[in-house]
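Presented below is the structure to which this report refers.
Rule-based calculations on the coordinates, nothing more; no lab input. Computed from a predicted structure; not experimentally measured. Positions of Cβ are backbone-derived with ideal geometry, glycine not excepted, and every protein chain shown enters the neighbour counts.
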Amino acid sequence: MTADTRKERLVTDFPGQNKRFIFELQRIVMEMVDGTPIQVRENPEKSFEGQVRETPWDDIHVAYFQGEALWTYLNTPFLYTQRGFAAEEIASIQVEGETWRRLKVTFADHIKSHTREQISCFGPDGLLRRHDYTVDILGGATGLNYASDYRDVGGIIVPTKRRIYAYEGDYQLIPEPLLVKIEMGEINIK
């Protein structure tokens, strides 16, 4: 995957399959590595309208969800400094003996992400511990996104593991099932 840090764009290559997905604000492209289009969907977010939990996804649905999610995860918290974002510190919480400071962020209108208002929780060392949100295209499904196993990549400290669980009520973790598991291997920043 290659995430752009200046504009909302994520390219996912599939080694050995001669294809890649390109996620951009208003369009998803599935193409061959040489650039030959396989499938294009303009305004891909609209294709989620009317879906219910049992509605099957096609490859473009997956590419859209993965694109909006991972672009946000890979650019947090730097993303919050961009034009159109608003942030305010809200009450801290205690989690497993640590005080986590919380930042409620309202996303800019021009950014596609899970939902417009999200909360980032930071540990005493200033590192992101958890990212809390709902997912609009999934009917408001909840997510507690735990970030861990930080690595220094060119002077930037990056979480290499993400574990995402649902929550209920006041951000109470539902431990089963694990919804998403992300582990990043080689990371380069250019």
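Multiplying the residue separation of residue 1 and residue 13 by 0.36 nm and removing their Cα-Cα distance gives an extension gain of 3.7 nm.
Length available on full extension from residue 55 to residue 104: 0.36 nm per residue minus the Cα-Cα distance, which gives 14.5 nm. Once a ≥ b ≥ c are taken as the square roots of the eigenvalues of the Cα gyration tensor of the range 37-123, is the result rounded (a/c under 1.5), prolate (a/b larger than b/c) or oblate (a/b not larger than b/c)? Verdict is prolate for the range 37-123.
Computed about the Cα centre, the dipole magnitude for the chain is approximately 360 debye when only Lys and Arg (+1) and Asp and Glu (-1) carry charge, each at its Cβ.
The packing ranking of peptides 32-42, 153-163, 62-72, highest mean first, is 62-72, 153-163, 32-42, where packing means the average number of other beta carbon atoms within 10 angstrom of each residue. When mean projected area of the Cα convex hull in nm² is calculated directly from the model, which label among [x] 11.0; [y] 11.8; [z] 12.8 fits? For mean projected area of the Cα convex hull in nm², the calculated option is [y]. Given the options 102, 20, 83, which has the most mean-square fluctuation in a GNM of the chain, springs set between C-alpha atoms less than 10 angstrom apart? Among 102, 20, 83, the largest mean-square fluctuation in the Gaussian network model of the chain belongs to 83.
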